[in-house]
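The next block holds one structure in the form of structure tokens; read it before the comments.
The values are calculated or read from the model by the stated rules, or taken from the named source; none is laboratory data. All figures in this text were calculated on a predicted structure; none of them were measured in a lab. Here the Cβ positions follow ideal geometry from the backbone for every residue, glycine too, while neighbour counts run over all protein chains shown.
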Amino acid sequence: MKDEIKKEVEQLAPMLVQLRGKNPFKVPSDYFNNLEQEVISTIDVDTLLLSKKDSDKSIPSDYFESLTDKVLNTVSPQESKSKIVKLWNIKLIAIAASFVAILALVAWPETEDLIPNQTYSQEITTEEAWEYLSLSEEISLVDLIDDEDLNQLFEDNDLEINIDDLLLDNIIYQLTDNQLQELL
Amino acid sequence: MLTDKQLLQLFKTDKDAGFRVLMNQYQEQVYWHIRRMVIYHEDADDIVQNTFIKVYRFIDKFENNSKIYTWIYRIATNESLTFLKSKKRRSTVTIDDEQNSLINELKADSYFDGDEVQLLLQKALKILPSKQKAVFNLRYYEEMSYKDMSEVLTTSIGALKASYHHAVKKIEKYIKNER
């Protein structure tokens, strides 16, 4: 330790002069022999990526010469020509629409007969709804998934939920001090 | 060992050759500075690589207003402080828990070979804010002058002296209480 710095520490906290001791940290063997090469390799890759990026950004040689014209053409397009609508087309559509209307009127009474003359004016009570549901065949989400898919689902580690994480990330900030105390 | 002037001249004639010389000259001391800041080898390795990549990229813009080594130390310190800041932002544990987990991790770390006293010193250093830890490390371990520290940390010499004295006192008090 340099004298000046040693004196300074001795004056402030003599205990720390002895504590400095040996360096407790170690590095993997050959670390410093390989570090230079590692850094240079990373720089080479970065340089390569940067040059690729630059080449991707390259533009056609006459791009800027033609750009002004392109922009001007877009903002002030040449006079638009008036649109000619052929009237016979409208007539044809009108005739077709009339036929459809006539057919609908003729067919209407028959279709009405097909609808059962039943009304649902009575309200269904909750109990009745539960009774109906309990009679119907029970289909859960699990039934809709193949056994194989289900096994895969439970084996997938990404789906594991850490309850502690959930508590920390979401719940703990929403509790009051009293609720936190009870929880702890 | 090349002087700054010689090194910069070499960079002008052959950038890669200049960079190899610069790395040979500074890689170990820069690594140890970063390692003392971030503790773990894997983190230090990432940061030391980022530091030298930045040195390579920006050496052309280096102005001869400061020494090359203080400039490299500035990059290394900033990289370390940024890393510690983002690590702290991600952490949700208290300082006590952080200290305890640090000790457990260091005991299990194959790249740490310190005794109980060294562990206690690391625990004490954990109570310092990151920038104050940098001040303490640069002076206590790197034996850097306040003038050079001022270039590294872009802080006035007076402020650095006060910060270092305060850090030393805090560490001494902590160790006395723990022993």
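List of remarks:
- Candidate set from the stretch B:94-105 (those that are assigned to a helix (DSSP H, G or I) and of a type in the set (V, I, T)); member that is modelled with the lowest pLDDT: B:I95
- Residue in the stretch B:46-53 that is out of contact with any strand residue (DSSP E or B) (no Cβ under 9 Å at 6 or more places or on another chain) and over 28 Å from B:L125 (Cα atoms) present: yes
- Number of the condition not met by B:K87 [criteria: (1) within 13 Å of chain A (Cβ to nearest Cβ); (2) farther than 23 Å from B:K147 by Cβ]: (1)
- For the stretch B:58-73, the condition holds for no residue, the condition being that it is part of a helix (DSSP H, G or I), at the interface with chain A (Cβ under 9 Å from one of its Cβ atoms) and not acidic (D, E).
- Residue that is in contact (Cβ under 8 Å) with a residue 60 or more places away in the chain and either crowded, with 16+ Cβ neighbours inside 10 Å or within 11 Å of another protein chain (Cβ to nearest Cβ) (or both), where the choices are B:Q132, B:Q122: B:Q122
- Filtered by the rule that a residue be buried (at least 18 other Cβ atoms within 10 Å of the Cβ), closer than 24 Å to B:K67 by Cβ and either within 9 Å of chain A (Cβ to nearest Cβ) or free of Cβ contacts under 8 Å to residues at least 12 places away in the same chain (or both), the stretch B:152-179 gives a lone residue, B:Y164.
- Only one entry of B:R57, B:R35, B:R20, B:R74 meets the criterion of being buried (at least 20 other Cβ atoms within 10 Å of the Cβ) and among the charged types (D, E, K, R), and that entry is B:R35.
- When B:Y40, B:Y111 are checked against the criterion of being in contact with a strand residue (DSSP E or B) (Cβ under 8 Å, 6 or more places away or on another chain), under 23 Å from A:Y31 (Cα atoms) and surrounded by 14 or more Cβ atoms within 10 Å (Cβ to Cβ), a single residue qualifies: B:Y111.
Every residue, every condition in (1) surrounded by 14 or more Cβ atoms within 10 Å (Cβ to Cβ); (2) over 30 Å from B:G18 (Cα atoms), yes or no:
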| site | (1), (2) |
| --- | --- |
| A:V9 | yes, yes |
| A:F25 | yes, no |
| A:P28 | no, no |
| A:N33 | no, no |
| A:L49 | no, no |
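- Residues that are modelled with pLDDT of 95 or more and either among the aromatic types (F, W, Y) or touching a strand residue (DSSP E or B) at 6+ places or on another chain (Cβ under 6 Å) (or both), drawn from the stretch B:148-175: B:Y164
- Of B:E28, B:E63, all but one fail to be among the acidic types (D, E) and under 17 Å from the mean Cα position of the chain (by Cα); the exception is B:E28.
- Listed by first and then second residue, the pairs with beta-carbon distance under 9 Å, at least 6 apart or on different chains, first residue in the stretch B:68-89 and among the basic types (K, R), second outside any helix (DSSP H, G or I) and at pLDDT below 95, are B:R74/B:S66; B:R74/B:T154.
- Of the helices (runs of 4 or more DSSP H) lying entirely inside the stretch A:1-95, those containing at least 3 residues that are at pLDDT below 80 and within 14 Å of chain B (Cβ to nearest Cβ) span A:31-56.
Residue-wise test of (1) in contact with a Pro (Cβ under 7 Å, 6 or more places away or on another chain); (2) among the β-branched types (V, I, T); (3) modelled with pLDDT of 90 or more.
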site: B:D14; (1), (2), (3): no, no, yes
site: B:F19; (1), (2), (3): no, no, yes
site: B:N64; (1), (2), (3): no, no, no
site: B:K67; (1), (2), (3): no, no, yes
site: B:S80; (1), (2), (3): no, no, yes
site: B:T92; (1), (2), (3): no, yes, no
